[in-house]
Amino acid sequence: MTYDVIIIGAGITGAMTAYKLARCKLRTLVLEKGSDIASGATRANSAIVHAGYDAVPGTLKGKLGVDGSRQVGEIARRLNVPYKNCGSFVCAFDEKDEEHIKMLYDRGVANGVPDMRIIRGEKLFEMEPNLSRACTAALYAPSAGIVCPWTLATAVSEVASLNGADFVFNFAVSGVSENADGSLTVTDGKTGYSARYVVNAAGVGADKIVEGDIWPEGEDKPVRINPRRGEYVLLDSEMGGIARHTLFVCPSEKGKGILVSPTAHGNIIVGPNANEVSDPDDTSVTPEGIAEISAGARKIMPDINLRTAITQFAGVRPTPVCRSKDYCIVRSKKFPSRLLHAAGIESPGLASSPAVADYVVGILGEMGLELIPDPDFRDERPPVRRFKEMSDEEKRLAIASDPAWGRIICRCETITEGEIIDAIRRPLGARDLDGVKRRVRAGMGRCQGGFCSPRVTAILARELGADMYDITKKGPGSEILMRPSK
Ligand SMILES: Cc1cc2nc3c(=O)[nH]c(=O)nc-3n(C[C@H](O)[C@H](O)[C@H](O)COP(=O)(O)OP(=O)(O)OC[C@H]3O[C@@H](n4cnc5c(N)ncnc54)[C@H](O)[C@@H]3O)c2cc1C
């Protein structure tokens, strides 16, 4: 069978593109190297829905940021994705910083960011009581927010899947070739799938899909994608109230700088730094990195108690090496009428993702893809029930309907067996421990899965009809239990 569209990569760019294409009468296939949705940069980032003042006006980042940010809020509300419109501060500590936030304000105005203002004096500390008294002014953007990036990506993928899109995991694309009828075959070296159009949304792996092929206008050579790691510390939810807004320092050449922010789940996130790494899968956390982000966080909030950290992690940015430093959403050099690259989607790629996807779909239309609306499209997914958020009466009814709703598996996050079973049985449901963790947060709390992992492993085995020894953390090669030697 020839698909209408194959999307390579189920990060937020690929997932959101599948979601937008699902509105049309099209057969879409998403091919993902990892064992689940959001296996790359979408898995580990700051999760800020940026307001859109950072990007240089006129660039794609500048054009897509505000609309993307607005759409993320709408989609989150519609599909029950954890999201909070908390607003953000970019903090100034000296005159140079103040000039910088003024420049960001002007950019924001040009990009269409609503309601920004520069705040000074006591007002700053009324709004953000734990902010460093060395902060002299801040650019306040009330439209910024925080979102759960995995839930956003899985929610839109569920909708795409329910509307007919196919997803294949553990499929690492190694090449693309042209068929006699002009369609393309996408292969992992063993099998192949064909489509009339292909979107390369492979994140940090995008430049390897067709070597030397991402070549935007105005660049003198093809774009390479460099992995740039950002490390984080996550603080316990007990610290949840210390920051009301996302608090940034002024950005640097390498990125938006270290931030202190609430998360959509009530923790506090601190980080990231920005360091080039040679291995795109290098998500290690280093003592130097922790020291760097701790110092950055103390600049914003001198009394922050970093001893309340419950975990550390890192994400890898797909940094495009090019003059423009912009998203590289360009037609292929080799297959210009069939292959579209959506590469180099660095921050604010999460916040911009719905607008990025609209842009991608628009170009596919220009390339000849028929975008005929599907009257049967349903923009909904099965309800998500969170035991912790239920009223006593709702809890009673849930337990009466199925006692699994009364068995708490993850004590830190109060996650029941009922929720875990739902996470596994949903469309594109969890197939491994990380899949459960990202969908329902079992293992995300203070003990980081120390208590619940064996029980989640047993539930996965039972639900999937699999041997416990075959249950993995995140796909083949990450089996949790060792088979006893004979
Ligand atoms: C440290 C850090 C902080 C960030 N903070 C923010 C923020 O606060 N707000 C914001 O808006 N953005 C932020 N971003 C940026 C945001 O995370 C990215 O822009 C976004 O996740 C990119 O999504 P993507 O789908 O393009 O790439 P990815 O999420 O990396 O997805 C690409 C997918 O392709 C798959 N893949 C790769 N190679 C192949 C292959 N050969 N075959 C098949 N599949 C393949 C990968 O496994 C992956 O799942 C941050 C990023 C990082 C790393």
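The values are calculated or read from the model by the stated rules, or taken from the named source; none is laboratory data. Computed from a prediction, not measured in an experiment: that's the story for all the values here. So basically every Cβ, Gly included, is an ideal-geometry build from the backbone, and we count neighbours across all protein chains shown. The accessibility values were calculated without ligands, DNA or RNA, using every heavy atom of the protein model including side chains. Shrake-Rupley method; radii C 1.70, N 1.55, O 1.52, S 1.80 Å.
Structural remarks
- Alpha carbon centroid spacing (whole Å) that separates segment 83-144 from segment 161-222: 41
- The label-point distance for ASP166 and ALA295, in a model that sets each label 7 Å from Cα toward Cβ, rounds to 5.3 nm.
- With semi-axes defined as the square roots of five times the eigenvalues of the C-alpha gyration tensor, the equivalent ellipsoid of segment 270-425 measures 38, 32, 13 Å, largest first.
- Against the rule of thumb 2.2 N^0.38 Å, how large the Cα Rg of the chain comes out: 0.97
- Solvent-accessible area per residue for the chain (1.4 angstrom probe, square angstrom): 42
- Accessible carbon and sulfur surface of segment 48-188 relative to its total accessible area, %, 1.4 Å: 49
- Extent along the principal axes, Cα only, for segment 113-185: 68, 26, 25 Å, with the longest axis given first.
- The listed peptides 320-332, 458-470, ordered by packing as a protection proxy, come out as 320-332, 458-470 (highest mean of other Cβ atoms within 10 Å first).
- A viscosity of 0.890 mPa s and a temperature of 25 °C, combined with the Kirkwood radius over Cα pairs in Stokes-Einstein, give a translational diffusion coefficient for segment 30-145 of 156 µm²/s.
- Between segment 346-371 and segment 421-452, the Cα center-to-center distance that results, in Å: 30
- Rounded to the nearest 500, the helix-only mean residue ellipticity at 222 nm of the chain stands at -8500 deg cm²/dmol, with each DSSP H run of n ≥ 4 adding -39,500 (n - 2.57).
- Dimensionless Rg/Rh of segment 333-486 - Kirkwood Rh, Rg from C-alpha atoms: 1.10
- Length released on extending from GLU219 to ALA466, taking residue separation times 0.36 nm less the Cα-Cα span: 83.8 nm
- Across the alpha-carbon atoms of segment 142-274, the computed radius of gyration and Dmax are 20.1, 61 angstrom.
- Segment SER391-ASN179, extension gain: residue separation times 0.36 nm, minus the distance between their alpha carbons: 70.6 nm
- Computed in the context of the full set of protein chains, the accessible area of segment 387-470 at 1.4 Å probe radius has 51% of its extent on carbon or sulfur.
- Extent of segment 387-470 along its three principal axes (Cα atoms, max minus min coordinate, largest first): 38, 28, 19 Å.
- Rg/Rh, computed from the Cα trace of segment 445-486 with Rh as the Kirkwood radius, has the value 1.00.
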